[in-house]
Amino acid sequence: MRNRYLKYLLIIFCGGALTGCYNRWNSNYDEFPDLVSSRNAIVDESGMSAEDRQRRMQFLEELAAEPEPEYRINAGDFVEIRVYNHDDLSIKTMVTPDGHIGMVFIGQVEVAGLTLQEAADKLEGLLSRYIKNPEVGISPQEIRSQTASIAGAVTHPGMYTISNGMRLADLFAKAGGSSARYYDGQTLDAADLKNSVFIRNGEIIPVDFSLAIESGDRLNNILLRKGDYIYIAVRSESMVCLIGDVPNPHKRLWDNNLGLLELLTTGGWVNETYWPYAIIIRGGVANPTMYKVDIDGILHGRKPNVMLEAGDVVYIPKDDISEYNVFVRKLMPTAQLVNLLTSPVMWWVN
């Protein structure tokens, strides 16, 4: 009884997702775009025009060409100050939280926000009251103020010291990579790179985290700057759904190795009446995009297996196109039901 109830709920939910982007009266399955059958293929679901993508790439090119900003002393930095021919005045000291250092004769001097040369000039001016023609050199020993923060679905979120040449993927690795979820005896990747954000100076930088972290793409794997904030989104949907002309429609845990063929296998394969194409609904109920996948092409080796993404809904229609029209006309989801089925709950587990 419980399994029968689950199947009914799954059909209602997925039928509702279909109604969001398909004209049930005059559309045709042939209008659905083909899903590129490659693990590393990028499926453009953003709706960006070619001009938008070009502007984005140009922005990242300009960002990559920006020179490294000149270092400025800040609170927490450890510096060495040398006064030539006056070794007794040379010191190694940490900049105080309010941005000062202390020296003999001149006392507390604010240096935070100054470059090394600006700070040296300031100290020379103050020391000149006591020493004839002082020459001051400052060198940083430990720079603790150059930090960036990373939060969300990483193993060790927090604030990290960054150095010249450190990039986004380096910080992700330094934070221990993606955190893990443990569910039903399985370990799941909790990071949702697609919806992660990179914020600099209060503005979102249009970074593709998948290209940056998984591929090391030069433009997207941008150099870090002081104050950068990275949020690795937490995967809220770790399931995939199979419904339609299959013996066992069901919802199951997603993992990186789950492809269309593996999902069909757990669903008892397909009935003899199946349409030769599967429909993959991707993007959620709010903004679904449907893709057509050639099942027969995969089975006969003409096309590779399609790797699924978390949250995908796979619909196997019957060969009669009218079956789809009846399907979407009669079944409408409620908001409460959608919320229930998009959460990785355990009520269907035996």
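Key figures
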read-out: Derived scalar couplings ³J(HN,Hα) [segment 141-155; Karplus, 6.51 cos²θ - 1.76 cosθ + 1.60; whole Hz; x for Gly, Pro]; value: 9, 8, 9, 9, 8, 7, 10, 9, 10, 9, 9, x, 7, 10, 5
read-out: Fewest-first ranking of THR266, THR147, using other Cβ atoms within 10 Å as the exposure measure; value: THR266, THR147
read-out: Rg(Cα) / (2.2 N^0.38 Å) computed for segment 78-142, rounded to two decimals; value: 1.00
read-out: Residue-span extension gain [ARG302 to GLU66] - 0.36 nm each, minus C-alpha spacing; value: 80.3 nm
read-out: Of LYS174/LYS194; LYS92/LYS226; LYS251/LYS292; LYS251/LYS303; LYS132/LYS226; LYS174/LYS292, those spanning more than 29 Å from alpha-carbon to alpha-carbon; value: LYS132/LYS226; LYS174/LYS292
read-out: For ALA191, distant residues with modelled amide H under 5 Å away; value: SER179, ARG235
read-out: Ranked by how many other beta carbons lie within 10 Å on average, peptides 225-231, 92-98 from highest; value: 225-231, 92-98
read-out: Segment 193-205 - phi-based ³J(HN,Hα) in whole Hz, Karplus 6.51/-1.76/1.60, Gly and Pro as x; value: 5, 4, 10, 6, 10, 10, 10, 10, 6, x, 10, 7, 8
read-out: HN-Hα J in Hz across segment 95-111 - Karplus 6.51, -1.76, 1.60, θ = phi - 60°, x for Gly and Pro; value: 6, 5, x, 8, x, 10, 10, x, 9, 4, 6, 9, x, 7, 10, 7, 10
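Read the figures in this text as sums done on the coordinates, not as results from a lab. Because the structure is predicted, anything quoted here is derived from the model rather than measured. Cβ: placed from backbone, ideal geometry, glycine included. Neighbour counts: every protein chain shown.
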